[in-house]
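So the structure is just underneath, and the comments pick up after that.
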Amino acid sequence: MKKLKWLATLSAMLLGVLLSASAVRADDPPAPQARLILGDDSIWRCDFVNRKPVVKVGQELHELAHDSYSNVWRFVEEGKGLRATMDTPAPPADWIQPDFDDLAWTRLKGPFFPTQHAWAWTRQTDDMGFLGYEGTTPSLSAICVRGRFMVTDPAKAGDMRLSLVFRGGVAVYLNGREVVRANLPDANKADGVLALAEGYPDEAFVKPDGGVIGNYTDTMTFYDRLKTRLRRVDEVVIPAALLRKGMNVLAIEGHRTYYNECIFGKGRSAKGYVINWATVGVVHIGLTATGPGIEPNAGRPAGLQAWNQETWTRATPEDYGNPCDPLRPIPLVGARNGAFSGQVVVGSRDAIRNLKAVAGELKGPGVIPASAVQIRFGLNDPDQGPDYDMLSPDAPAEIAPAKGGGAVVPVWVTVRVPADAKAGDYRGVVTVSADGSPAIAVPVALSVAGWTLPDPAKFVSHVGLTESPESVALRYKVPLWSDAHWKLLDQVFALTAQAGADDLFITALSKTHYGNEYSMIRRVKRPDGTLGVDLSIAEKYLDLAIKHLGKIPVVCIYCWEPYTGSTYGGHARASSGAPTYTLLDPATGALTEADGPAWGSDQARAFWQPVFDAVREMLAKRDMSGSLMIGVAGDNRPNKDAVEDLKAVAPKAGWVIQSHMTGSELYGQPVTYLADVWNSPGPPDPALKHAYGWQDSFLRVSFPRAGSYTLIRSNSPLAQYRLAMEMTSTAGIHGIGRVGVDFWNVLKTRNNTYGKGLSLIAHYPKSDWGQLYLGNSTPYVLAPGPTGPLATARFEEIRQGAQDLEARVFLEKALLDPTLRAKLGDDLADRCRKMLDDRIRAMILGHSSWLLYSGAQQNLEALYSLTSEAAAKLGG
């Protein structure tokens, strides 16, 4: 029976095919096929407008502000405890015109949901729906995107159609003429890009029980309600008469709508409106045409391309250059005695062979020689870090297309501006070439401020990097502390010095959280049975660091681990173990592990006293007595016995704590260096107060892992690395800490500890720190190059961010000093304050997402331009 039904179905299908074929004449031409002209994978220029979200209560609209102390929004007029929203400028009215200059706008592919966190998409039948944790900025008010395409013959454009999926409402323009208006009342036209779209029904916001639809467990359960947030227009005919020969522009204006009052008090707090999604978004774009007179611009073109991209936006294998965008100069802005980077990205559908880039001198008020211009290629590092993160001086002989993408290589251009360079604008060229393609001349434009940066060792920011000498030895397969090993460490410190690295950890225990089998400070058994102290490795390591870093503010003797005796939340740890140390046989040089006395025992202070006597002498000889600290403590704090024993042998040494919890002392012994996670603050609203990290004598930094306001994990956007120093300083703290330099993947078998990594972090179970695992920020900011360590794009953004902060602090000090402020004059002082406050508000807007907003390069130029103007007034 089943076979008969299958045959009947097949017969019907064949009959249908025959009948359709008989209805078409043999000489009829085939129907023209629609081609995608612009789509989600096109390169768009985007501008995002920010305003306070609004809620409709009855027939009245009320602006909302974020409650600083909860996850809700309240009426702006309530005032107290509310964080102001930064209003970003709306684009000028002529932004929809084809000749509008949008090259300063952000360069992105669709869909357009700027978020603080990741997003996920799914296609179900003919719908595109949003799933997963969104975290979208509720104050996002409008999205303006522009897509370009070339028309060779308007008369041969054929049938043009547009389909969109969106949130809120949209207005669409072709060459300045409106062609689509959807869910956007005509009555609101006078409000321009700030016009509100039609509202949503309550089911777009809440579940049947009235609770707000959550971003975690509710997304699948209430998928049908989430779909009501999506609106669409399908296959709208676009008049070909609006086309012009040459460049054409499709402009899409996404509008938000108001929030419904049903979201009041439906979350963890009953005192405000719970908002967890933005009512504006351009989710899907499809412009098609059937005629040959239009050139598609929906994917990577043929041939070798070069395109502009800011260093703080990471390239991906799917990136390509918009063929309708001109290649502009690489913009560099900075000051004397600094190093400033830009990039051009090169890509192709096919493999790129023998890629080269050669820089010439830069000419302006003076000449900056070509030798001051460093060229590096962004490559994937062997530890499978972020795309194109390792900056290598050489490109491989062949760069193959990535799966699902093309062959893509960022070319970094870094200019070291001489300390005696003349201020002004400089111009030069970098020539990029590859086999089988014409050479590409890439212009370089450098603006040098009339102000001189201090040397990195004197930067106000605290760059708390943790180095792993054992990882370097294992990675390059050289004996630990051999000549070859010291040469590699010399390269490590030479690189970290460029960002002004400030921390040095010297191990006095073996098998710490850093994964060191043996300690740097060794004990030597004398003939009389007593233990001497061998600092030969520690001294050499310290001197090598000083050679590059100068006098290091933090030299921490790693002499305590939680397993040796700790408390958590005031309660004693279940068991304590003896601290393990390294014993050196002076006759053979053999190293063995030995157990030291437990804290609180009669022998503990006698054991540690000669160690700290020798360390104090070592630091005093280098005029660094004030750098001595002890640690490292975390959420598990040292017990009273450990604190008192160490206080007795090192009374002036404060503790280093890296923890979720704050604290300024341990049983009366001061904490002198705190890297905290959840309590790490963000910048306050500048309308209410200002915070200055450089003013605080207490060294507090952000341990920038999940939960921290300043988040720089390995896969974090590069913008967050760039802003880390400015964000922490304007929050009233000093910088970052507990960030790895070179904890690379050096193991063949994964650790059986938290993180399950292949690095030395938490290699030994007894020193597993759980969630405070150092790799929870980033295990390395230098990459393991073929013959030695190399900088990464992440490291360079930290370096450039530290320089940016120096410019900011120069202005802040001038504004706070009455004498210096008077020299600036009211006009300049007011412009400086506004620019600095705008940068704070922009960071508050979405942590580092502000750099996705238009004009980021211009904001940077304003910082250095005003610094130059102030320096001229102050003679600095």
Most packed first (mean Cβ within 10 Å per residue), the peptides 387-397, 478-488, 139-149 order as 139-149, 387-397, 478-488
Take the Cα of Ala872, step 7 Å along the line toward its Cβ, and report every residue of the range 804-839 whose backbone nitrogen sits under 17 Å from that point. 811, 823-832
Of Val76, Ser163, Ala724, which is farthest along the charge dipole of the chain in the positive direction, counting Lys and Arg as +1 and Asp and Glu as -1 at C-beta? Ser163
Tally the DSSP beta bridges in the range 558-667 and give the antiparallel ones as a percent, rounded to 5. 70 percent
Extending each Cα 7 Å along its Cβ direction at Met220 and Arg177, get the distance between those two points in nm, one decimal. 4.9 nm
Between the helical axis of 483-496 and the dominant principal axis of the chain, each derived from Cα atoms, what acute angle in degrees is found, rounded to the nearest 10? 60 degrees
Long-range amide H partners of Ala402, meaning residues 5 or more apart or on another chain whose placed amide H is closer than 5 Å, are Ala407, Val408
Roughly how many debye, to the nearest 20, is the charge dipole of the range 640-687 about its Cα centre, given +1 on each Lys and Arg Cβ, -1 on each Asp and Glu Cβ, and no other charges? 120 debye
Taking a ≥ b ≥ c as the square roots of the Cα gyration tensor eigenvalues, with a/c under 1.5 meaning rounded and otherwise prolate when a/b beats b/c or oblate if not, the range 273-312 comes out oblate
With Cα coordinates, the longest principal axis of the chain makes an angle with the long axis of helix 826-846, in degrees rounded to 10, of 80 degrees
Phi-derived 3J(HN,Hα) across the range 244-251 with the Karplus relation (6.51, -1.76, 1.60, θ = phi - 60°), rounded Hz, x for Gly and Pro, is 9, 5, x, 6, 10, 10, 9, 10
Lysines whose Cα lies under 26 Å from that of Lys689, excluding same-chain neighbours fewer than 8 positions away: Lys52, Lys80, Lys271, Lys813, Lys823, Lys834
Each label sits 7 Å from Cα toward the beta-carbon; between Asp186 and Asp420 the label points are separated, in nm, by 7.2 nm
By DSSP, what percent of the beta bridges with both residues in the chain are antiparallel, rounded to the nearest 5? 75 percent
Compute, for the chain, the length of the dipole vector about the Cα centre, with Cβ point charges of +1 (Lys, Arg) and -1 (Asp, Glu) only. Units Debye, rounded to 20. 700 debye
Probe radius 1.4 Å, ligands and nucleic acids ignored: give me the carbon and sulfur share of the accessible area of the chain as a rounded percent. 53 percent
Extension gain Ala400-Asp202, at 0.36 nm per residue separation less the Cα-Cα distance, in nm? 66.2 nm
What FRET efficiency do you get for Val524 and Ala93 if R0 is 60 Å and r is their Cβ-Cβ distance, rounded to the nearest 0.05? 0.15
Quick one: if you stick a label point 7 Å off each Cα along the C-beta vector at Leu591 and Met661, how many nm between them? 3.4 nm
Rg from C-alpha atoms of the range 596-652, normalised by the globular rule of thumb 2.2 N^0.38 Å, equals 1.19
Enter the angle in degrees (range 0 to 90, nearest 10) between the Cα long axis of helix 536-549 and the first principal axis of the Cα atoms of the chain, meaning the one along which they spread out most. 50 degrees
Under 17 Å from a label point 7 Å along Cα→Cβ of Asn354: give me every residue in the range 291-323 with its amide N that close. 304
Given backbone amide H placed at 1.01 Å from N, residues whose amide H is under 5 Å from that of Asp503, ignoring those fewer than 5 places away on the same chain, are Leu465
Explain nothing, just compute: Karplus ³J(HN,Hα) = 6.51 cos²θ - 1.76 cosθ + 1.60, θ = phi - 60°, for every residue of the range 694-702 in order, whole Hz, x for Gly and Pro. 5, 7, 8, 6, 7, 7, 10, 9, 9
Once the dipole of the chain is set up with Lys and Arg at +1 and Asp and Glu at -1 on Cβ about the Cα centre, which of Leu504, Ala195, Ala90 lies farthest towards its positive end? Ala195
Relative contact order of the range 145-201: what whole-number percent is it, with Cα pairs under 8 angstrom and at least 6 residues apart? 24 percent
In order over the range 513-526: 3J(HN,Hα) from phi, Karplus 6.51/-1.76/1.60, θ = phi - 60°, whole Hz, x for each Gly or Pro, gives 4, 7, x, 7, 5, 10, 8, 6, 8, 10, 9, 10, 7, 7
Indicate the gyration tensor shape class of the range 525-678 (rounded, prolate or oblate), computed on the Cα atoms with a ≥ b ≥ c the square roots of the eigenvalues: a/c under 1.5 is rounded; otherwise a/b larger than b/c is prolate and the rest oblate. oblate
Normalised radius of gyration for the chain, please: alpha carbon Rg relative to 2.2 N^0.38 Å, two decimal places. 1.06
Cross-link reach from Lys540 to lysines, straight Cα distance under 22 Å and at least 8 residues apart if same chain, gives Lys477, Lys487, Lys511, Lys525, Lys551, Lys621
Tell me, what is the per residue accessible area of the range 179-229 in Å², probe radius 1.4 Å? 49 Å²
Over the chain, relative contact order from alpha-carbon pairs under 8 Å, at least 6 apart, %: 11 percent
With both partners inside the range 465-620, how many of the DSSP beta bridges are antiparallel, as a percent to the nearest 5? 60 percent
Can you list the aspartates and glutamates whose alpha carbon is less than 12 Å from that of Lys207, not counting same-chain residues fewer than 8 positions off? Asp218, Asp224
Separation between Cα centres of the range 603-662 and the range 451-519, rounded to whole Å: 20 Å
If you roll a 1.4 Å probe over the heavy atoms of the protein chains, what accessible area per residue do you get for the range 645-802, in Å²? 31 Å²
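The values are calculated or read from the model by the stated rules, or taken from the named source; none is laboratory data. Everything numeric here is computed off the predicted structure, so don't read it as measured data. In this analysis, Cβ positions are derived from the backbone assuming ideal geometry, glycine residues included, and neighbour counts consider all displayed protein chains. Heavy atoms of the whole protein, side chains included, go into the accessibility calculation; ligands, DNA and RNA do not. Shrake-Rupley method; radii C 1.70, N 1.55, O 1.52, S 1.80 Å.
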